[in-house]
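The values are calculated or read from the model by the stated rules, or taken from the named source; none is laboratory data. This one's a predicted model, so the numbers in the text were calculated from it and none came from an experiment. Ideal geometry is used to build each Cβ from the backbone, glycine not excepted, and the neighbour counts take in all protein chains shown. Note: accessible area is taken over every heavy atom of the protein model, side chains too, but ligands, DNA and RNA are not part of it. Shrake-Rupley method; radii C 1.70, N 1.55, O 1.52, S 1.80 Å.
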Amino acid sequence: MKKLKLLFLPLIAAALLSSCSNSETNSDSGIPEVGTPAMLRIELKSLIENSTRASGTPTRINESHIGLGTIMVFKAGAGNNILDGYATFDFTGGTTTVLVPITAGPRDIYVVANNTLSDFHSITQVSDLYNLTSKADLTSQNGSNLAMSGFTLGVNASNATVSSPATASVNLNFVASRVSMDWDLSQLPPIMAGFEVTRAYLLNVKSESDWFSSASNVSLTQHVNSFFNGLGDTFTFSGSYLPVPPATNSFNSILNMTDVTTGKGFANNYFYVWENSSTFPTIVVIEGSLSGNTYYYPIVINGDLNGTGPGGSTNGGNKSSTVTRGNIYNVRAIIKGFGATDPYAPLSPAAIDVTITTATWNPIVSIDQEFN
């Protein structure tokens, strides 16, 4: 199997000291509650161009680029979790400094990048971040920056002063995952001479995702019932993995690769997808043609039919049939026989050997922060 080398160029964040005056009002008594004034000042420098790709020859370094973003600082601790500081940023023009007025105290920091800035204007407490009406849209991943989010909890800024600031870092991780695919035709039987791969695409990809999950192990797409597919018309199919209309969107070009004859391998055939823990799992489909007939080779990511060796124990994924954010899934298929007539139906392992290797997709992007 080819090994995929990832090169990530970090975005450097230098936190500088500053101060300001602000105060709060206790809504119950009307008596001003004075906190220690503090200012969060962040300077980030973008070192790469504003571009990512969903198909064709990738410029993988662009996956680490930050454009627009939002920083939200919340009061931490029981009974708090209300917004204490808020700022937006736009690094598409180069170096930018962001100022976030806060008050001293325990603080939780949430950051989202490559979003529409207006998406978070209504946020007043941490719970507002979960299941926002404005979600990360899969279509925005095509030809634009990739959605990122991250948080740091329990930052001790209680004793922060100008001379002795509190510091913290927020690591940004991708909201999406990347699925790369490759195939091998060297084990085709003589009866299949002339078989060729004509297309590669994904089915059952959630169309939107939440930025943050309110509990661990809760899918960021749990409230999204809409799926994209790269196949087009689905009405001629009836496999067990086919969602009931209108849950399935029509054909979407960002999940379909038609130039497979000119570019083969993980480096050329890859897509960005959202999490999916649905009963309709995300499927990689390799489509081929022989003597005028079309054959489908559907591969459920982390499906229970993946892997080689006894029980599919070698490179078979975790058998969960789920896609998890922030991962790279390299899917390789050795085609050995005739495929299925329905891409939404499980395919017999006799026709194909599938190996899936998973790696953490870490853009190595951090934001260093100082409170004072």
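At-a-glance table
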quantity	calculated
Pairwise centroid distance, computed over Cα atoms, of region 88-136 with region 168-222, Å	28
Point-charge dipole on Cβ atoms (K/R +1, D/E -1) for region 177-360, about Cα centre, debye to 20	220
Total formal charge among the other residues, if their Cβ is under 15 angstrom from that of residue 290, Lys/Arg +1 and Asp/Glu -1	0
Share of carbon and sulfur in the accessible heavy-atom surface of region 177-360 [1.4 Å probe, %]	51
Proximal charge balance of residue 148 [Cβ under 12 Å; K/R count +1, D/E count -1]	0
Gain upon complete extension [residue 360, residue 97; 0.36 nm per residue less C-alpha separation]	91.7 nm
Per residue value of the accessible surface for region 97-140 (all protein chains in place, 1.4 Å probe), Å²	37
Length gained when the stretch residue 127-residue 193 is fully extended (0.36 nm per residue, less Cα-Cα span)	17.9 nm
Karplus-derived 3J(HN,Hα), 6.51/-1.76/1.60, for each residue of region 225-231, Hz, glycine and proline x	9, 9, 10, 9, 9, x, 9
Net charge contributed by nearby residues that have their C-beta within less than 14 Å of residue 206 (K/R +1, D/E -1)	-2
Tensor-based shape of region 177-360 (alpha-carbon gyration tensor, a/c under 1.5 rounded, otherwise prolate or oblate)	prolate
Cut-off 11 Å (backbone N to label point 7 Å along Cα→Cβ of residue 334), residues of region 172-212	184-188
